[in-house]
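What follows is a short report on a single structure.
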Protein chains: 2
Amino acid sequence: MIKLEALRVFVTVAESGNIKDAADAVGRTASAVSMTLKQLEDEIGGPLFQTDRKNSLTALGNLMLDLGREQIRSFDKSVSIMRAFAHSRIGSLSIASVPSVATNVLPPILQRFLETRPQVQVELFDIDSAQVRRMVESGVADIGIAGESRAGGGVEFTPLFSDRFKLLCKDNHDLCRLDRPVAWSDLNAATLIRNGASDRIEAEDYRQLSARSLITVYNVTSLVAMVKAGLGLTILPSLTMHGAHEGVAALDLADASASRQVGLVERRDVPPSPVAAAFRAFALKEIPALVAGQLGS
Amino acid sequence: MIKLEALRVFVTVAESGNIKDAADAVGRTASAVSMTLKQLEDEIGGPLFQTDRKNSLTALGNLMLDLGREQIRSFDKSVSIMRAFAHSRIGSLSIASVPSVATNVLPPILQRFLETRPQVQVELFDIDSAQVRRMVESGVADIGIAGESRAGGGVEFTPLFSDRFKLLCKDNHDLCRLDRPVAWSDLNAATLIRNGASDRIEAEDYRQLSARSLITVYNVTSLVAMVKAGLGLTILPSLTMHGAHEGVAALDLADASASRQVGLVERRDVPPSPVAAAFRAFALKEIPALVAGQLGS
DNA sequence: TTATCAATTTCAGAAGAATTGAAGTGGGCG
DNA sequence: CGCCCACTTCAATTCTTCTGAAATTGATAA
């Protein structure tokens with residue numbers, strides 16, 4: 001059986017023009033090289049060199065030099081692709097994330113992640129938590145970032161950080177003058193605008209307030225516009241409105257349980273690609289730190 | 001160092017879906033296959049299968065299956081090309097031959113030679129002996145067929161057959177009624193047309209006749225036309241006019257030394273390509289036999 | 001959950017292939 | 001004509017790969 005290693009030796013000899021130099025180049029003795037060459041000639045079925053001074057090739061030798069070089073080049077390239085993929089230097093990464101994280105957290109995280117992996121292709125989808133889970137479950141996204149969900153399904157949740165809800169209202173609202181965190185009871189008289197995120201709050205007092213609400217707005221930009229226009233106030237995770245909006249105030253809530261758990265969503269039983277695994281580890285280490293810094297400030 | 005053989009084993013396992021079948025397929029034990037796989041994973045830097053039941057690949061495994069298959073296919077193809085070339089089943093063969101042989105000898109020879117080598121590409125040049133040597137010497141032709149030459153040069157001559165000269169004249173010429181081979185002295189009164197081939201005859205009697213000749217024609221067809229038109233008579237190797245022309249007669253010459261040696265012309269010190277070597281051996285065996293049959297009839 | 005069974009892995013020894021250093025061969029140059 | 005250098009050959013050694021038995025693992029059924 002002809003081995004690629006034998007071709008490597010032959011090509012080196014053909015390029016050196018003699019066995020001694022080639023032997024040095026491949027780190028063997030001349031006799032080892034000589035035997036390899038002989039074996040190769042036997043297996044191919046003809047002489048590769050014109051004489052036993054290895055400085056001129058036969059027609060067969062020329063053909064084998066061309067083909068051999070090409071095989072070696074191609075094999076080495078394949079191996080380097082395999083290794084690059086295994087070490088997550090190449091590959092593609094599809095991330096599905098809720099908009100708050102996609103907007104406020106992912107940009108610096110991705111930038112640093114890609115600094116050492118300039119060849120990785122990234123796709124980022126910003127969609128709501130339910131769709132994040134759906135995309136991960138169906139395999140469209142390699143990894144998701146979303147709020148925690150009760151139903152397990154085919155996906156697994158790993159917490160990254162927790163994000164307290166805040167009250168969003170016009171900055172001239174009466175509540176702004178309260179010198180303490182806002183209690184649910186403070187909102188009895190207020191007009192509450194519901195949104196996709198706040199529906200997750202399980203406190204009974206909030207549920208009752210929410211049930212009375214007549215407006216629901218899913219898009220954050222629209223929601224803030226409504227609040228700014230004075231249609232009412234709303235409850236949002238603090239990260240969602242990070243970066244403060246003109247004319248609206250974000251007030252702390254007294255109920256410490258009013259928070260959402262944000263974490264990674266991954267497919268169960270399907271191992272991540274190397275890039276996805278690398279991103280997972282990176283996210284798990286960097287996102288909590290980054291968010292702590294952002295929410296603390 | 002990753003070996004192509006390891007990729008072969010991996011591809012087989014990936015295609016079988018389990019180690020046992022793959023081990024049977026490659027003719028090894030399951031444990032050998034298992035170890036090869038483990039080593040491959042170590043060298044690539046990641047797992048190839050989702051579990052140790054080898055029925056589902058990781059993303060890395062899929063990539064390696066694709067790349068590995070391609071490498072194996074390409075390597076095997078290269079090797080088969082090398083072998084085919086070494087065994088002269090493929091390759092190209094450039095033959096330079098004097099017209100008489102190209103016309104009367106080579107067609108059946110080449111046909112039989114190519115019967116077992118349908119992929120071999122042949123080029124055939126019919127030119128005079130001097131140019132045959134030149135083409136062989138310059139490497140344009142792999143092998144030549146020509147009359148013997150005194151000067152050695154960079155080429156070597158191997159006799160194939162010898163070919164006696166004959167006298168060509170109109171079939172109503174006086175000489176046709178001679179009931180014996182024609183002697184040089186019979187031609188003293190005749191008009192001789194010289195040609196490229198007959199200049200090789202070294203007999204002094206002929207040289208004198210030739211020196212008196214006023215016309216030289218190199219092309220055989222033209223030469224025959226001249227003779228037929230009655231311009232004179234000429235001396236040609238018998239093979240050259242094999243297949244008799246209407247209206248002209250070929251008469252035996254008394255001088256047995258008036259013959260040419262036809263043989264193979266090859267480059268000295270440059271080994272022939274496998275096809276050329278095969279053709280050389282074939283020609284050396286078959287051409288003398290074929291010519292003996294043709295000239296005998 | 002535990003028992004069972006087959007596939008896979010691990011291990012140590014065996015077989016085989018490649019490598020080495022020394023001795024032998026042969027072609028080219030003074 | 002003989003020396004010299006490169007290559008080849010040879011036998012011993014080392015390294016790799018393989019095997020068969022035992023241990024482990026994971027899936028399936030009780």
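The values are calculated or read from the model by the stated rules, or taken from the named source; none is laboratory data. Keep in mind that what you see is a predicted model, and the values were worked out from it rather than measured. Heads up, the Cβs are rebuilt from the backbone with ideal geometry, glycines too, and the neighbour counts pull from every protein chain shown. The area values use the complete protein model at the heavy-atom level, side chains included, leaving out ligands, DNA and RNA. Shrake-Rupley method; radii C 1.70, N 1.55, O 1.52, S 1.80 Å.
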Looking at the stretch B:194-211 only, could you name the residues that are within 29 Å of the chain's Cα centre (by Cα) and without any contact (Cβ under 8 Å) to a residue 24 or more places away in the chain? B:199
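Would you point out the residue of the stretch A:25-43, among those that are of a type in the set (Gly, Ala, Ser) and in a helix (DSSP H, G or I), that is surrounded by the most Cβ atoms within 10 Å (Cβ to Cβ)? Reasoning before the result, please.
Residues of the stretch A:25-43 of a type in the set (Gly, Ala, Ser): A:25, A:27, A:30-32, A:34.
Applying the additional criterion that residues be in a helix (DSSP H, G or I) yields A:25, A:30-32, A:34.
Details: A:25: 14, A:30: 14, A:31: 10, A:32: 14, A:34: 18.
Out of the qualifying residues, it is A:34.
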Considering only the stretch B:15-46, state which residues are within 12 Å of DNA strand D (Cβ to nearest atom) and touching a residue at least 40 places away in the same chain (Cβ under 8 Å). B:43
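Can you tell me which residues in the stretch A:212-239 are β-branched (Val, Ile, Thr) and more than 28 Å from the chain's Cα centre (by Cα)?
The first filter runs over the stretch A:212-239 and keeps only residues β-branched (Val, Ile, Thr), leaving A:215-217, A:220-221, A:224, A:227, A:234-235.
Within the stretch A:212-239, A:215, A:216, A:217, A:224, A:227, A:234, A:235 meet the criteria.
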I need the full set of residues from the stretch B:44-69 which are more than 7 Å from chain A (Cβ to nearest Cβ) and either touching a strand residue (DSSP E or B) at 6+ places or on another chain (Cβ under 9 Å) or in a helix (DSSP H, G or I) (or both), in order please. B:48, B:49, B:55, B:56, B:57, B:61, B:62, B:65, B:66, B:68, B:69
Considering the stretch A:47-76 alone, what residues qualify as being open to solvent by 80 Å² or more (accessible area, probe 1.4 Å) and more than 10 Å from DNA strand D (Cβ to nearest atom)? A:66, A:69, A:70, A:73
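Could you tell me which of the residues B:270, B:224, B:275 is more than 14 Å from chain A (Cβ to nearest Cβ) and surrounded by 15 or more Cβ atoms within 10 Å (Cβ to Cβ)? Write out each step before concluding.
Details: B:270 fails: more than 14 Å from chain A (Cβ to nearest Cβ); B:275 fails: more than 14 Å from chain A (Cβ to nearest Cβ).
After applying the criteria, what remains is B:224.
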Using beta carbons and a limit of 8 Å, which pairs, at least six apart or on different chains, have the first residue in the stretch B:70-88 and more than 7 Å from chain A (Cβ to nearest Cβ) and the second one β-branched (Val, Ile, Thr) and in a helix (DSSP H, G or I)? B:72/B:11; B:88/B:275
Residue match in the stretch B:10-24 (condition: surrounded by 15 or more Cβ atoms within 10 Å (Cβ to Cβ), farther than 15 Å from residue A:78 by Cα and facing another protein chain (nearest Cβ under 9 Å)): no
Exactly one of (1) at pLDDT 95 or above; (2) within 10 Å of DNA strand D (Cβ to nearest atom); (3) crowded, with 20+ Cβ neighbours inside 10 Å is unmet by residue A:82. Its number? (2)
Considering only the stretch B:102-136, how many residues are among the small types (Gly, Ala, Ser) and under 22 Å from residue B:293 (Cα atoms)? 1
Of the conditions (1) surrounded by 13 or more Cβ atoms within 10 Å (Cβ to Cβ); (2) without any contact (Cβ under 8 Å) to a residue 40 or more places away in the chain, residue B:214 fails just one. Which one is it? (1)
Residues that are open to solvent by less than 10 Å² (accessible area, probe 1.4 Å): which strands (runs of 3 or more DSSP E) entirely in the stretch A:86-179 hold 2 or more of them? A:92-97, A:143-147, A:155-170
Could you tell me whether residue A:56 is out of contact with any Gly (no Cβ under 6 Å at 6 or more places or on another chain), of a type in the set (Ser, Thr, Tyr), modelled with pLDDT of 95 or more and not assigned by TED's automatic domain parsing to the domain that holds residue A:113? no
Residues being over 21 Å from residue A:46 (Cα atoms) and of a type in the set (Val, Ile, Thr) - total across the stretch A:1-26: 1
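Quick check on residue A:6: is it within 12 Å of DNA strand C (Cβ to nearest atom), surrounded by fewer than 17 Cβ atoms within 10 Å (Cβ to Cβ) and outside any loop (DSSP other than H, G, I, E, B)? Reasoning before the result, please.
On the way: within 12 Å of DNA strand C (Cβ to nearest atom): yes; surrounded by fewer than 17 Cβ atoms within 10 Å (Cβ to Cβ): no; outside any loop (DSSP other than H, G, I, E, B): yes.
Against the criterion (within 12 Å of DNA strand C (Cβ to nearest atom), surrounded by fewer than 17 Cβ atoms within 10 Å (Cβ to Cβ) and outside any loop (DSSP other than H, G, I, E, B)), residue A:6 does not qualify.
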